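What follows is a set of notes on a single structure, which appears directly below.
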Amino acid sequence: MDHLAEFLAVSVVVIVTPGPDTALTIRNTLLGDRRAGVFTALGVVTGQATWALATSAGIAALLVASEPAFTAVKLLGAAYLIFLGCQAVVAALRRRPRRGIEGPRRRLPPPVAFRQGVISNLGNPKMAAFFPALLPQFAPAGESEAAFPVLLALGLLFCTLTLVWLTAYAVAVARAGDFLRRPSVRRAMEALTGAVLVALGLRLATERR
């Protein structure tokens with residue numbers, strides 16, 4: 001744990017870099033409210049914790065080493081991102097506000113937001129490659145028995161930082177509610193975040209390792 005500061009620095013850079021998890025959190029906050037955004041963040045972190053546990057047990061390394069399995073996860077994750085993105089774009093295009101007032105809408109239930117966060121993160125094979133590449137660098141060398149708790153602790157620390165960051169996103173978007181509730185702005189934001197998710201999904205599907 002002598003290099004905890006280095007681990008935190010790398011983690012912060014990775015976490016604050018916008019990606020599918022950030023786009024999904026913003027989208028779900030727009031479709032629902034702050035709770036939906038927070039539950040999306042909790043889902044993302046649950047997925048990350050699963051990857052952290054798999055890395056600690058050596059399972060993630062096996063997935064990365066298996067080309068068919070890695071490709072399958074990549075394509076499923078990409079398809080899910082594209083599906084969510086298209087869903088947001090279609091919802092935005094279907095809105096027909098009159099006189100600047102948007103009618104009643106169905107809010108995104110927190111359990112659905114949580115599930116989407118979990119599936120989105122577990123469907124991202126980059127997480128399977130990221131944790132095995134990062135965590136072992138900060139584990140005790142040559143001590144396999146001691147490595148497991150250290151790897152898991154570092155993974156959970158990464159998850160905690162992610163939760164704080166994505167929750168802050170959800171709160172910020174929710175606090176801008178008065179502005180974002182304007183029909184034209186809401187439609188534009190939903191369409192934009194949907195397009196971003198589609199683009200990320202396409203990039204993930206076509207990207208080589």
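The values are calculated or read from the model by the stated rules, or taken from the named source; none is laboratory data. Here the structure is a predicted model, which means the values were calculated and not measured. Positions of Cβ are generated from backbone atoms using ideal geometry, with glycine treated the same way; all protein chains shown enter the neighbour counts. Keep in mind that these areas ignore ligands, DNA and RNA; they rest on the heavy atoms of the full protein, side chains included. Shrake-Rupley method; radii C 1.70, N 1.55, O 1.52, S 1.80 Å.
At a glance:
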| quantity | calculated |
| --- | --- |
| Long-range neighbours under 8 Å by Cβ, at least six apart or interchain, first residue over 15 Å from residue 26 (Cα atoms) within the stretch 78-98, second modelled with pLDDT under 80 and open to solvent by 60 Å² or more (accessible area, probe 1.4 Å) | 93/187; 95/187; 97/184; 97/187 |
| Residue list for the stretch 1-56, filter: within 24 Å of residue 134 (Cα to Cα), surrounded by fewer than 24 Cβ atoms within 10 Å (Cβ to Cβ) and not aliphatic (A, V, I, L, M) | 2, 3, 6, 7, 11, 17, 18, 19, 22, 46, 47, 50 |
| Only one of 186, 182, 106 that is crowded, with 18+ Cβ neighbours inside 10 Å, at pLDDT below 75 and not small (Gly, Ala, Ser) | 186 |
